[in-house]
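What follows is a short report on a single structure.
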Amino acid sequence: MPSVHTSEKTYQNALTLIKALAVPFQEINIDVEVEEQLKMIAHDNKTDVTYENVQARIRTQTLMNLANKHHGIVLGTGNLSEIALGFMTYNADQMSMYAINAGLPKTMVQRHLKEYLSYYPHLYDVVVSILQTPISPELKDNQYSEEIVGSYLINDFLIYRHLVCGDSEKRLIFLLKEAFSYENKAAESFVKSFLKRFKTAQFKRQVIPDGPQVTELSLSARNHFKMASDSE
């Protein structure tokens, strides 16, 4: 479901991966429907979060309707890292019939994809190209996820240390300085940003679909992690 902000590289990577997997596909450009929705709500700011979320929600609505049409289900794309940081659009990529990646941190997905390539050599080039592409939701031009939420490697480290090991804010700051050679001010800023994102995103996690628990950590409100949405 490309849009005007879909880069040529990600578009071609998607087509190459589809062909390499030999699966059927359908291409639906969302630009016209996005324009119609913006017109309907009298919104003309194509740089704000409303503009971004309209795109994400139209994609999810389209997937849901196609799933009904073909008697299938929508598998969620969001991983544990994005769920922890709240880096997902409510009732868009936050929603699906089954959150299949919800138990997998982004860095774990990246690492294991590289390991599996030895078993699927016909996918090597395209998967490497995908892994080397800067992570982006592509809802605006020149938009990069790690410029918004920070390094996923460090975020996944903090997720583990805070939620599995129970480390406090003070200890997280200390660990960032020791493990990643951060200056005190930078470490403090990163940790505070992480904790704020984590705490304020609980309302999205409360209603996320079922998903598997793969490691010792799950953020499912039904089988593991409990926290009030209005705790902040």
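For the condition among the aliphatic types (A, V, I, L, M), more than 14 Å from Arg197 (Cα to Cα), open to solvent by less than 60 Å² (accessible area, probe 1.4 Å) and in contact with a Phe, Trp or Tyr (Cβ under 9 Å, 6 or more places away or on another chain), what is the one hit in Leu175, Leu153, Leu158?
Leu175
Evaluate the following for Ala92: is it without any contact (Cβ under 8 Å) to a residue 40 or more places away in the chain, part of a helix (DSSP H, G or I) and over 22 Å from Leu217 (Cα atoms)?
no
Going through the stretch 4-59 one residue at a time, which ones are under 11 Å from Leu139 (Cα atoms) and assigned to a loop (DSSP other than H, G, I, E, B)?
Across the stretch 4-59, the qualifying residues are Val4, His5, Thr6, Ser7, Lys46, Thr47, Asp48.
List pairs: first in the stretch 140-153 and within 18 Å of Thr50 (Cα to Cα), second among the hydroxyl-bearing types (Ser, Thr, Tyr) and assigned to a helix (DSSP H, G or I), Cβ under 9 Å, 6+ apart or cross-chain?
Filtered contacts from the stretch 140-153: Lys140/Tyr51; Ser145/Tyr152.
List, please: which pairs have Cβ atoms under 7 Å, are six or more places apart or on different chains, and start with a residue in the stretch 158-183 that is within 18 Å of His224 (Cα to Cα) and end with one that is open to solvent by 60 Å² or more (accessible area, probe 1.4 Å) and not in a helix (DSSP H, G or I)?
Val164/Glu216
Could you please find all residues in the stretch 24-70 being open to solvent by less than 30 Å² (accessible area, probe 1.4 Å), over 13 Å from Thr89 (Cβ atoms) and either acidic (Asp, Glu) or without any contact (Cβ under 8 Å) to a residue 40 or more places away in the chain (or both)?
Across the stretch 24-70, the qualifying residues are Ile30, Val34, Leu38, Ala67.
Give the number of residues within the stretch 94-120 that are at pLDDT 95 or above and among the charged types (D, E, K, R).
Residues meeting the conditions: 1.
Out of curiosity, is Tyr124 in a loop (DSSP other than H, G, I, E, B), open to solvent by 90 Å² or more (accessible area, probe 1.4 Å) and of a type in the set (Phe, Trp, Tyr)? Break it down into steps so the answer makes sense when it comes.
On the way: in a loop (DSSP other than H, G, I, E, B): no; open to solvent by 90 Å² or more (accessible area, probe 1.4 Å): yes; of a type in the set (Phe, Trp, Tyr): yes.
For Tyr124, the condition - in a loop (DSSP other than H, G, I, E, B), open to solvent by 90 Å² or more (accessible area, probe 1.4 Å) and of a type in the set (Phe, Trp, Tyr) - is not met.
Spot the failing condition for Asn101; the list is (1) in contact (Cβ under 8 Å) with a residue 40 or more places away in the chain; (2) under 13 Å from the mean Cα position of the chain (by Cα); (3) surrounded by fewer than 20 Cβ atoms within 10 Å (Cβ to Cβ), and only one is missed.
With (1) in contact (Cβ under 8 Å) with a residue 40 or more places away in the chain; (2) under 13 Å from the mean Cα position of the chain (by Cα); (3) surrounded by fewer than 20 Cβ atoms within 10 Å (Cβ to Cβ) applied to Asn101, the lone miss is (3).
The values are calculated or read from the model by the stated rules, or taken from the named source; none is laboratory data. In this text the structure is predicted, and so the values were computed from the model without any measurement. When we count neighbours, we look across all protein chains shown, and the Cβ atoms used for this are built from the backbone with ideal geometry, even at glycine. For accessibility, only protein heavy atoms count, side chains too; no ligands or nucleic acids. Shrake-Rupley method; radii C 1.70, N 1.55, O 1.52, S 1.80 Å.
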